[in-house]
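The values are calculated or read from the model by the stated rules, or taken from the named source; none is laboratory data. Computed from a predicted structure; not experimentally measured. Cβ: placed from backbone, ideal geometry, glycine included. Neighbour counts: every protein chain shown. Side chains are part of the model used for accessible areas, which takes the heavy atoms of the whole protein and leaves out ligands, DNA and RNA. Shrake-Rupley method; radii C 1.70, N 1.55, O 1.52, S 1.80 Å.
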Amino acid sequence: MRNERRTNSSRSSNNFWQSYSDMMAALLLVFALVLTGTILQSQKEFEKKESELATAASIIANQQDDLERLLGIREEIINALREQFSDGDLHVDAQTGAIIFDSNLLFAKDDFVLSDEGKTMLTGFLPKYFDILLSPEFKEYVAEITIEGHTDSDGLYMYNLNLSQNRALSVATFFLSETQTLFTTARRDELRQLVTANGRSWSDPIMDENQQENKDASRRVEIQFRLKDQEMIEEMLDAIS
């Protein structure tokens, strides 16, 4: 009887350890499968990222020559503008190529209707300016031409925003409207694809050496150009992000 009990107890113990062993083996198998899946997934993600980086590097390499050429084109345009307008009262920014007009030359105080003096000045300036930017040498590189109105800090922001916007729009209307006679229809339509007019209120004042606002200088209209290099830089940043 005692031997029979010992045999039953031994069998129960063996069954328990056999079951425990099977369970541990199953858990190890599950763990191994999960680990293998994780490694494979990580490998796929690494290969995908590696492929994306290779594509980005290829894009940057292909566009590097174009970007360097555009940077040289910017300098050439600025030099051409400075040479063209070196004898006048206009200032051509040596870094950006922006040209600044004193608002007093174009408009009466707190007004956005072009003065006769302003119309005469624009009539002499605009054809020369656009002949440079839209010349066969530079035309394909120009992405945008912007006319910006600025005011001094006197008065409310929204009042000045409206005034600066209307002044920029008056300049644009002067040569882009259907009634203008300054350019041919073909040149006008060409400019309409490039020109925008923006008002900046007093958000970008001109400061003197004492960091005090020069209100006379702050009241201005600027005409600026943007080349396609910025678009290329954005494409490269998108490619590597």
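Mind listing whichever residues of the range 116-173 are open to solvent by 30 Å² or more (accessible area, probe 1.4 Å) and of a type in the set (A, V, I, L, M)?
Met121, Leu156, Met158, Leu161, Leu169
Only one residue in Glu83, Glu117, Glu68, Glu75 is touching a helix residue (DSSP H, G or I) at 6+ places or on another chain (Cβ under 7 Å) and of a type in the set (Asp, Glu). Which one?
Glu117
Here's the yes/no breakdown for (1) closer than 22 Å to Glu68 by Cα; (2) in contact with an Asp or Glu (Cβ under 7 Å, 6 or more places away or on another chain); (3) surrounded by 13 or more Cβ atoms within 10 Å (Cβ to Cβ); (4) at pLDDT 95 or above:
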| site | (1), (2), (3), (4) |
| --- | --- |
| Asp216 | no, no, no, no |
| Ile223 | no, no, yes, yes |
| Asp229 | yes, no, yes, no |
| Leu237 | yes, no, no, no |
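Scan Leu81, Leu67, Leu27 and give me the residue that is open to solvent by less than 80 Å² (accessible area, probe 1.4 Å) and modelled with pLDDT under 75.
Of the residues listed, the single one that is open to solvent by less than 80 Å² (accessible area, probe 1.4 Å) and modelled with pLDDT under 75 is Leu67.
Restricting the search to the range 170-194, which residues are of a type in the set (A, V, I, L, M) and assigned to a helix (DSSP H, G or I)?
Correct list: Val171, Ala172, Leu176, Ala186, Leu191.
Mind checking which residues of the range 109-159 are in a helix (DSSP H, G or I), under 14 Å from Gly199 (Cβ atoms) and not aliphatic (A, V, I, L, M)?
Tyr157, Tyr159
List every residue pair whose Cβ atoms lie under 7 Å apart, where the two residues are 6 or more positions apart in sequence or sit on different chains, the first residue falls within the range 151-179 and is farther than 21 Å from Ile223 by Cα, and the second residue, located anywhere, is assigned to a loop (DSSP other than H, G, I, E, B) and open to solvent by 60 Å² or more (accessible area, probe 1.4 Å).
Tyr157/Trp202
Run down Glu213, Glu140, Glu144 and say which single residue is free of Cβ contacts under 8 Å to residues at least 12 places away in the same chain and among the charged types (D, E, K, R).
Of Glu213, Glu140, Glu144, the one residue that is free of Cβ contacts under 8 Å to residues at least 12 places away in the same chain and among the charged types (D, E, K, R) is Glu140.
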